[in-house]
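Read through the structure below, which is laid out as structure tokens, and then see the notes.
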Amino acid sequence: MGIQNFIKRHPVTVYFILTFLISWGILLLAIGGPGGVVSVNEQFETMLPMMILAVLAGPSIAGILLTGLFDGRTGLREFRSRLLKWRFGVRWYAVALLFAPFLFVVLLLVLSLLSPEFLPGIFAAGDKTSHLMMGLMTGLMAGIFEEIGWTGFATPRLRKRYGILATGLIVGIVWAAWHLLPAFWLGFASGNISGAISFFSYLIDPFLFLVASRVLIVWVYDRTGGSLFAGMLMHVSLTASTRIFMPLVIAGAQLIIFDVTWAAVVWAILAVLVMSNRFRNGGLEKNIPRA
């Protein structure tokens, strides 16, 4: 009875736990196999599908499963309506789709004046078409499947109790922590983690890069009347931009410099939004599932 009461009273916490269990569980099983965390490049390629499955399965399975468990068919229908809610202002399409690529290009071009290592990846890629298509495909998969849970399940419930900033911080910190194991595995398997500075850069990268970005996703979700589709678009753009524009080889001090610069700019934008009262309640509460 104690566990049942906890599940009923804390659906978002249960969602976070289940998401970690599914994603990290799959990835740990892959890491525990031949090659594991010390994979060389050839093994890295064979293990990559398992890593992608782990990343995509956790948020999506947990989000859909718990929506059905807590809200039944009514909740699933409401989920579908938010997913198909695409009629909102053009300016919100612009924010969702253009914010990340614009900021990436501007920051990297400015930083490239200090060091050529910050040259945007798409500029240095040999096969630019393949580089672009891989970035877009990665963005679509991550944005669609992850947001089924983060924006589809967790965000609306938290928004019933908290404002945009607090909701974004809660989801953003958990979202960043959830990225740690995949980030470390990728870093070790690709040989990018080779010292204390590299290790530290991979440790703080998700928190500097993702937390403020999640607050913006929650803001766009709120201002589009609770559109899950809008949240997916912004996540697709963010992930695709990361894959397309980030320098081809970046780790250690360079990664920290970029992350700190990104975080400083995005938090400055958020501060302006807060001070200009742009984070006031958007009137979603009456349509939000129970917390």
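Quick notes
- Qualifying residue in the range 177-187 (condition: of a type in the set (A, V, I, L, M), part of a helix (DSSP H, G or I) and modelled with pLDDT of 95 or more): yes
- Top-ranked residue of the range 8-38 - restricted to ones that are over 25 Å from the mean Cα position of the chain (by Cα) and either outside any loop (DSSP other than H, G, I, E, B) or of a type in the set (S, T, N, Q) (or both), ranked as modelled with the highest pLDDT: Arg9
- Here the condition is being at pLDDT 95 or above and either over 20 Å from Leu84 (Cα atoms) or assigned to a helix (DSSP H, G or I) (or both); of Ala142, Ala100, it holds for Ala100 alone.
- Looking only at residues in the range 111-139 that are assigned to a helix (DSSP H, G or I) and out of contact with any helix residue (DSSP H, G or I) (no Cβ under 8 Å at 6 or more places or on another chain), the one that is modelled with the lowest pLDDT is Ala124.
- Of all residues in the range 71-92 being among the small types (Gly, Ala, Ser) and either modelled with pLDDT of 95 or more or in a helix (DSSP H, G or I) (or both), the one that is surrounded by the most Cβ atoms within 10 Å (Cβ to Cβ): Gly75
- Candidates Val260, Val218, filtered to the one that is buried (at least 22 other Cβ atoms within 10 Å of the Cβ), in contact (Cβ under 8 Å) with a residue 24 or more places away in the chain and either more than 13 Å from Phe99 (Cα to Cα) or not hydrophobic (A, V, I, L, M, F, W, C) (or both): Val218
- Of everything in the range 147-162 that is more than 12 Å from the chain's Cα centre (by Cα) and over 15 Å from Ser81 (Cβ atoms), the residue that is surrounded by the fewest Cβ atoms within 10 Å (Cβ to Cβ) is Arg161.
- For the range 93-116, the set of residues classified as surrounded by fewer than 17 Cβ atoms within 10 Å (Cβ to Cβ) and farther than 19 Å from Leu216 by Cβ consists of Leu109, Val110, Ser112, Leu113, Leu114, Ser115, Pro116, listed by residue number.
- Thr239 vs. criteria under 18 Å from Ala54 (Cα atoms) and of a type in the set (Ser, Thr, Tyr): yes
The values are calculated or read from the model by the stated rules, or taken from the named source; none is laboratory data. Just so you know, these numbers come straight off a predicted model, no measurement behind them. As a convention, Cβ positions derive from the backbone with ideal geometry for all residues, glycine included, and neighbour counts pool all protein chains shown.
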